[in-house]
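The values are calculated or read from the model by the stated rules, or taken from the named source; none is laboratory data. Predicted, not measured: the structure shown is a model, and the values here were computed from it. Here the Cβ positions follow ideal geometry from the backbone for every residue, glycine too, while neighbour counts run over all protein chains shown.
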Amino acid sequence: MPKIHPTAVVDPKAVIADCVEIGPLCYVGPNVKIGEGTKLLSQCNIDGYTTIGKNNTIHPFAALGQNAQDLSFAGGKTFLDIGDGNTFREGATVHCGTKENTRTIIGNNCYFMNNCHVAHNCIIGNGVIMVNCSSVAGYAQVGDRAVLSAYSGIHQFSRIGRLVMISACSVFSQDIVPFVMAEGRNGNIMGINIIGCRRAGISNNNIKILRELFKIFFRSGLNASNAMAKIEEDLEQTPEVIEFLEFVRSSERGVHQARTPGKRA
């Protein structure tokens, strides 16, 4: 049986799994589903067509599943899907999709710190960390194990690649390729996220190849298509190199290529 505090308001139509804990003054709407082991600590609001997986922890004043902040939102059934093992700290907000039958998707084992915001129709991968007050605008995508530092912002429809590190107070409006560190207002791609790559189990040899890739793509003076051709010709096609090239090819907004000569790779 779930453990529900007497001051919580849980709609009888909500589907609450065993071992769920719902603390004081929480609200759970009629179309919410919550998986086993998830804890709503207190004073949080879960609404909309929201499905929450197992073993999530939701802190006070987090609000999940509210309507999209989109002037084109016209009502209807829209969704928020949250995986397993995520933490939503105080004041974090995640909204449902904006068009009928569309959804916002959160993966597994992410950490959303105080006052983070994930907008409608975003796709957030696994192991993502969003630090205090960082925001991701509508339809944006964030790859696995990316880190968005405090007060950073991602423009709508942009993509952040896997294992990217975005510096504090940075804002980007184009796609950021995987495996790199980036800072500033549409600022610099600083180098390869070596620590993040090592923690993800990428070998030293493959990190070395990524550093060569970085020099070709960001420092050689070649345009993107010529740089990609050189990368394909000169470098071993490791899984990371293939992922990088596929990310660039699939970009619709274009990848951000700003760089500062002399900065480390």
### Given (1) buried (at least 17 other Cβ atoms within 10 Å of the Cβ); (2) in contact with a Pro (Cβ under 6 Å, 6 or more places away or on another chain), index of the condition His5 fails
(1)
### Those residues of region 99-121 which are in contact with a Gly (Cβ under 7 Å, 6 or more places away or on another chain) and either β-branched (Val, Ile, Thr) or buried (at least 24 other Cβ atoms within 10 Å of the Cβ) (or both), in sequence order
Thr104, Ile106, Cys110, His120, Asn121
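Assess whether Ile216 counts as being out of contact with any Lys or Arg (no Cβ under 9 Å at 6 or more places or on another chain), surrounded by fewer than 24 Cβ atoms within 10 Å (Cβ to Cβ) and assigned by TED's automatic domain parsing to the domain that holds Leu245. Even if it seems obvious, please write down each step before you answer.
On the way: out of contact with any Lys or Arg (no Cβ under 9 Å at 6 or more places or on another chain): no; surrounded by fewer than 24 Cβ atoms within 10 Å (Cβ to Cβ): yes; assigned by TED's automatic domain parsing to the domain that holds Leu245: yes.
In short, no.
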### Message
Asn204 - would you say it is outside the structural domain of Asn56 (by TED's automatic domain parsing), at pLDDT below 95 and either over 30 Å from Gly97 (Cα atoms) or of a type in the set (Ser, Thr, Tyr) (or both)?
### Response
no
### Query
Got at least one residue in region 157-176 being under 13 Å from the mean Cα position of the chain (by Cα), in contact (Cβ under 8 Å) with a residue 24 or more places away in the chain and more than 24 Å from Glu240 (Cα to Cα)?
no
### Query
Taking region 41-65 as the search range and keeping residues that are aliphatic (A, V, I, L, M) and either in contact (Cβ under 8 Å) with a residue 24 or more places away in the chain or in a loop (DSSP other than H, G, I, E, B) (or both), which one is surrounded by the most Cβ atoms within 10 Å (Cβ to Cβ)?
Ile58
### Query
Yes or no: Asp70 touching a residue at least 40 places away in the same chain (Cβ under 8 Å) and part of a loop (DSSP other than H, G, I, E, B)?
yes
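For residues in region 223-235 being more than 19 Å from Leu163 (Cβ to Cβ) and in contact (Cβ under 8 Å) with a residue 12 or more places away in the chain, which is surrounded by the fewest Cβ atoms within 10 Å (Cβ to Cβ)?
Here is the first cut: in region 223-235, the residues more than 19 Å from Leu163 (Cβ to Cβ) are 223-230, 232-234.
This time we only want the ones that are in contact (Cβ under 8 Å) with a residue 12 or more places away in the chain, so: 224, 228, 230, 232, 234.
On the way: Ala224: 14, Met228: 18, Lys230: 15, Glu232: 12, Asp234: 10.
It comes out as Asp234.
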